Each structure stands twice: as structure tokens, then as C-alpha cells.
Amino acid sequence: MRRQRGREIGEGSSMSWKEQRNLREKERRMRMKHLFFMLSSHVSPTHRLSVPQLIDHSASYMIQLKEKVNNLREKKQTLLGEVENHSEGSTSFNLPKLSIYSQGSIIKMNLIMDLNIKRVMLHELVSVFEEEGAQVMSANLQNLNDSITYTITAQAIICRIGIDPSRIEERLRDIIF
């Protein structure tokens, strides 16, 4: 049993049936007003909307959220599929991925290697660049899960002579493989 303004509501109450009905209706309206306020704070916190606009806006908002969730689920499934494919082939190693980009006198190298393959020291890679006439501007090494990523950015010491990317790539492949 509940108490409302000093009166009990329920069986054996001194309130008439009509008063009880009016009180329940008032409570229902207050509850709905509170629920609409909560919905409005989630859907449109910046400005207040009328109830029909709020319902329309919240329906479209829910559709957008549903699409977003579906897209994220699809993305998750594709990523899990890639992980499963990777784990199925865990007995075999992924080959190193070497990419070299050259633009003018600047050359950039990215190397991604599996941890289970022969370890290459960063200083070995840097020395190749230096021996080929490049000044290393940055050299980074990152360990990510089961792979190592090497990134080197270098610039030709003498800009007129430049750097031969094919020669550097050949020497790096000798070290990696």
C-alpha cells in the first residue's frame, strides 16, 4: 500500500474509486513526463522538442543507431575472420612485408615482420641507409601482438646525388631473408 498526501491507496481506503483513479492518472502522467524528459535528454540534449517531434526524432535516432551497430557487427565479423585465418595458419609464418617509398631526396621504409621469424635489429637496417649515403631522420620500432613494425625515414646527404631505392631494397632483403 502507498501513502499519498496522508491517505492510503488500496483496499479499504477512505478515498473513493474516482479519487483513486484520478490519483493513478496523475501519477501516470508524471511518470510519462519524466520518461519523455529522459528521452529528450538522450536524443536532443541541446534543445527542447514537442512530444510528436521528440518521438519522430527518437525513432530516426534509433534507426541510425541500429545501422551503426549492424555496421560495427559486420566489421567485427570480418576482423574476427581475419584473426581466425591468421590463427589457423599460426604454424606457418607470415612473410615479411617490405615497402619502400621514395620522393625526391627522402626515402621511407616500412617493414612488418612476424615475431616467429628471424629477428632483425634496427641498427642493422639503419646502417644500410647510412652506407648508401642517406642520413636517417627517424627510426622507429613497434611490437604489436605477433608482429614487429620497423619504420625508417631518411634523406640523401648530398641531394644532387640522391639515393638509389632499388639498391637499398636489395640490401634490406638480404638482411631480412
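Brief remarks on what is shown
- Residue within the range 25-46 that is modelled with pLDDT under 85, within 30 Å of Ile117 (Cα to Cα) and out of contact with any helix residue (DSSP H, G or I) (no Cβ under 7 Å at 6 or more places or on another chain) present: no
- Residue match in the range 148-156 (condition: part of a strand (DSSP E or B), open to solvent by less than 80 Å² (accessible area, probe 1.4 Å), in contact with a Gly (Cβ under 6 Å, 6 or more places away or on another chain) and aliphatic (A, V, I, L, M)): yes
- Sub-7 Å Cβ pairs linking a first residue in the range 97-126 that is in contact (Cβ under 8 Å) with a residue 24 or more places away in the chain to a second residue that is loosely packed, with under 13 Cβ neighbours inside 10 Å and among the small types (Gly, Ala, Ser), at least 6 apart or interchain, are Asn110/Ser99, ordered by first then second residue.
- Among the criteria (1) under 48 Å from the mean Cα position of the chain (by Cα); (2) at pLDDT 85 or above, the one Ser16 does not fulfil is (1).
- Any chance Asn116 is assigned to a loop (DSSP other than H, G, I, E, B) and under 14 Å from Pro96 (Cβ atoms): yes
- Residue match in the range 50-62 (condition: open to solvent by less than 60 Å² (accessible area, probe 1.4 Å), modelled with pLDDT of 90 or more and in a helix (DSSP H, G or I)): no
The values are calculated or read from the model by the stated rules, or taken from the named source; none is laboratory data. Just so you know, these numbers come straight off a predicted model, no measurement behind them. Neighbour counts run over all protein chains shown; Cβ positions are idealised from the backbone, glycine included. Ligands, DNA and RNA are excluded from the accessible area calculation, which covers all protein heavy atoms including side chains. Shrake-Rupley method; radii C 1.70, N 1.55, O 1.52, S 1.80 Å.
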